[in-house]
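The values are calculated or read from the model by the stated rules, or taken from the named source; none is laboratory data. Everything numeric in this text was worked out from a predicted model, so none of it was measured. Using ideal geometry, Cβ is built from the backbone for each residue, glycine included, and neighbour counts are taken over all protein chains shown. What goes into the accessible areas is simple: the full protein's heavy atoms, side chains included, and nothing from ligands, DNA or RNA. Shrake-Rupley method; radii C 1.70, N 1.55, O 1.52, S 1.80 Å.
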Amino acid sequence: MTVTEVTEVTGTPSAAPSRQDICAAAPLRHPRPEGRDHYTISEVVAFTGLSAHTLRWYERIGLMPNIDRSHTGQRRFRNRDLDWLSFVGKLRLTGMPVAGMVRYAELVREGDHTVGERRELLEATRRDVIARIAELHDTLGVLDHKISFYADAGKASERV
């Protein structure tokens, strides 16, 4: 699955809108060029660090639909699938529940008319991440205070 958005080409009024992949913050370096980008599940496991069980589960629950198959039925992942897995990994890091990720994937498949709902989902996740960062920042302050306390206590005991 590829997540794309339509962008207007500026400066060229007659140019048609183009689609660009927006899955990852920075383009991934793919192991193979487009057109020769067929990966087995074991290659995707090695590249992503996910287990084969997780990849099959993602497919089963609708998070990774439409994986190509070889003539023998083996999964054949593409660069676009690696991009999607990278994006899903970022969503996992945010703490988004699997149900939310599946909902997002469904919205992508439904088409451009769901852009607003996708944006709302990502904005809510962003707010959650910001709140978690604030909590972690406060926790870091407590740790720094305790570390400073023990460092000072260690210096005092050395003087005696």
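Quick look at the values:
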{"quantity": "Residues (farther than 16 Å from V88 by Cα and among the β-branched types (V, I, T)) located in the range 103-133", "calculated": "T114, V115, I130, I133"}
{"quantity": "Criterion: in contact (Cβ under 8 Å) with a residue 24 or more places away in the chain, part of a helix (DSSP H, G or I) and over 30 Å from G35 (Cα atoms) - qualifying residue of V142, V129", "calculated": "V129"}
{"quantity": "Any hit, the range 136-155, residues being open to solvent by 80 Å² or more (accessible area, probe 1.4 Å), within 26 Å of the chain's Cα centre (by Cα), under 21 Å from L85 (Cα atoms) and of a type outside the set (V, I, T)", "calculated": "no"}
{"quantity": "Those residues of the range 53-84 which are in a helix (DSSP H, G or I) and loosely packed, with under 11 Cβ neighbours inside 10 Å, in sequence order", "calculated": "H53, R60"}
{"quantity": "Test: residue in the range 77-100 that is touching a strand residue (DSSP E or B) at 6+ places or on another chain (Cβ under 9 Å) and among the β-branched types (V, I, T)", "calculated": "no"}
{"quantity": "Flag for L28 being at pLDDT 95 or above, closer than 30 Å to A99 by Cβ and surrounded by 11 or more Cβ atoms within 10 Å (Cβ to Cβ)", "calculated": "no"}
{"quantity": "Residue identified as assigned to a helix (DSSP H, G or I), at negative phi and open to solvent by less than 70 Å² (accessible area, probe 1.4 Å) among A105, A99", "calculated": "A105"}
{"quantity": "Residues (of a type in the set (A, V, I, L, M, F, W, C) and over 16 Å from the mean Cα position of the chain (by Cα)) located in the range 53-87", "calculated": "W57, I61, I67, F77"}
{"quantity": "Scope the range 28-52; condition within 18 Å of the chain's Cα centre (by Cα) and assigned to a helix (DSSP H, G or I); matching residues", "calculated": "V44, V45, A46, F47, T48, A52"}
{"quantity": "Given (1) more than 21 Å from the chain's Cα centre (by Cα); (2) open to solvent by 90 Å² or more (accessible area, probe 1.4 Å), number of the condition K90 does not satisfy", "calculated": "(1)"}
